[in-house]
Amino acid sequence: MIKIENVSMKFNLGVETDNSLKMIFIRLFNPKKRNKKQYFWALKDIDFNIQKGEVVGIVGANGAGKSTILKVVSGVMKPTKGIVEANGKISPMIELGAGFDGELTARENIYLNGAILGYSKEMLDEKFEEIVEFSELRDFLDVPVKNFSSGMTAKLAFSISTIVDPEILIVDEILSVGDIKFQEKSKNKMMSLIKGGTTVIYVSHSLQSIKDLCTKAIWLDKGELVMMGNVNEVCDAYYDKQMEKQ
């Protein structure tokens, strides 16, 4: 279902430089002052396969490459090198609400964001009430999204993203959005997708959440794959390593 082969991702750090006439003149005569591009490898030769119906959690510290691997699998980013194959319709839940227009109302953004996700107007018309009911935002439908809290925005985005049953679900920390009640609804919705055979890649800093939902886990550290296998063994090894650093 998902094949990641020798995948690496390089970013230019884009260090801001002084391009004043004075500095340009200095760099002409002093090679040491000339700009040098600085690169950062977010992923380094990552290899793994995920079979249809598997639920795989990804753990790692900040900067480990977790969100980058999700963006590569979902097609948001093209890797610097390596092969990425994902067979099936993908629903990426990454940076929820990133496709919203703050000047438009929640009602209008349902159609805008739905169109970005590839949903037809007819389908959105049919699913509109379901989206509104799940989001718990009926009283705010005609309020511009720029006036929403981050939790309200995430609720709306999650509700739009989950109106279809995707073959592959890419999830980045979305189970922590909204209040406790909505978090439970989100978890239940995700569980229903899992039971329906959806392949899931799930990133979270909550090891308990990973253990509760996933059957396999991947541990990334500074862009490298440290360990992959049984979810409890991987999470426990990662936890022990983090505790050693304290």
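Inside segment 117-132, can you point out the residues that are surrounded by fewer than 18 Cβ atoms within 10 Å (Cβ to Cβ) and part of a helix (DSSP H, G or I)?
Looking only at segment 117-132, we keep the residues that are surrounded by fewer than 18 Cβ atoms within 10 Å (Cβ to Cβ), and these are 117-118, 120-123, 125-126, 128-130.
Answer for segment 117-132, where residues must be surrounded by fewer than 18 Cβ atoms within 10 Å (Cβ to Cβ) and part of a helix (DSSP H, G or I): Lys121, Glu122, Met123, Asp125, Glu126, Phe128, Glu129, Glu130.
So which of Ser159, Ser150, Ser204, Ser192 ends up being of a type in the set (Ser, Thr, Tyr) and in contact with a Phe, Trp or Tyr (Cβ under 9 Å, 6 or more places away or on another chain)?
Details: Ser150 fails: in contact with a Phe, Trp or Tyr (Cβ under 9 Å, 6 or more places away or on another chain); Ser204 fails: in contact with a Phe, Trp or Tyr (Cβ under 9 Å, 6 or more places away or on another chain); Ser192 fails: in contact with a Phe, Trp or Tyr (Cβ under 9 Å, 6 or more places away or on another chain).
Going through Ser159, Ser150, Ser204, Ser192 in turn, the sole match is Ser159.
Is it the case that Ile170 is surrounded by 13 or more Cβ atoms within 10 Å (Cβ to Cβ) and of a type in the set (A, V, I, L, M)? Explain how you work it out, then say what you get.
Numbers: surrounded by 13 or more Cβ atoms within 10 Å (Cβ to Cβ): yes; of a type in the set (A, V, I, L, M): yes.
Yes.
Number of residues in segment 78-88 that are part of a loop (DSSP other than H, G, I, E, B) and over 12 Å from Ala42 (Cα atoms): the value is 3. Would a scan of segment 171-186 turn up a residue that is assigned to a strand (DSSP E or B) and closer than 19 Å to Gln242 by Cα? Checked segment 171-186: no residue is assigned to a strand (DSSP E or B) and closer than 19 Å to Gln242 by Cα. If you go through segment 212-229 and keep only what is more than 21 Å from Phe40 (Cβ to Cβ), in contact (Cβ under 8 Å) with a residue 60 or more places away in the chain and not polar (S, T, N, Q), you end up with Leu213, Cys214, Lys216, Ala217, Met228.
Please pick out the residue among Phe128, Phe148, Phe158 that is under 30 Å from Gln51 (Cβ atoms), outside the structural domain of Ser209 (by TED's automatic domain parsing) and not aliphatic (A, V, I, L, M). I'd like the intermediate steps shown before the answer.
Numbers: Phe128 fails: under 30 Å from Gln51 (Cβ atoms); Phe148 fails: under 30 Å from Gln51 (Cβ atoms).
Of the residues listed, the single one that is under 30 Å from Gln51 (Cβ atoms), outside the structural domain of Ser209 (by TED's automatic domain parsing) and not aliphatic (A, V, I, L, M) is Phe158.
Return yes or no: is Gly114 surrounded by fewer than 16 Cβ atoms within 10 Å (Cβ to Cβ) and either in contact with a His (Cβ under 6 Å, 6 or more places away or on another chain) or not in a strand (DSSP E or B) (or both)? Give the steps one after another, and end with the answer.
On the way: surrounded by fewer than 16 Cβ atoms within 10 Å (Cβ to Cβ): no; either in contact with a His (Cβ under 6 Å, 6 or more places away or on another chain) or not in a strand (DSSP E or B) (or both): yes.
No; evaluated as a whole, the condition is false for this residue.
What is the number of the single condition among (1) loosely packed, with under 15 Cβ neighbours inside 10 Å; (2) under 20 Å from Val76 (Cβ atoms); (3) not charged (D, E, K, R) that Thr215 does not meet? Unmet for Thr215, out of (1) loosely packed, with under 15 Cβ neighbours inside 10 Å; (2) under 20 Å from Val76 (Cβ atoms); (3) not charged (D, E, K, R): (2). Annotation note: Cβ proximity below 9 Å between a residue of segment 53-74 that is more than 21 Å from Thr215 (Cα to Cα) and in contact (Cβ under 8 Å) with a residue 12 or more places away in the chain and a residue that is buried (at least 23 other Cβ atoms within 10 Å of the Cβ) and basic (Lys, Arg) (sequence gap 6+ or interchain) occurs for no pair. Any residue at all in segment 133-149 that's under 26 Å from Ile58 (Cβ atoms), of a type outside the set (D, E, K, R) and not in a helix (DSSP H, G or I)? No. One residue alone among Lys66, Lys32 is at pLDDT 70 or above, among the basic types (Lys, Arg) and either more than 30 Å from Lys241 (Cα to Cα) or within 18 Å of the chain's Cα centre (by Cα) (or both), and that residue is Lys66.
The values are calculated or read from the model by the stated rules, or taken from the named source; none is laboratory data. Quick caveat: nothing in here was measured; it's all calculated off a predicted structure. Please note: Cβ atoms are built from the backbone with ideal geometry, for glycine as well, and neighbour counts cover all protein chains shown.
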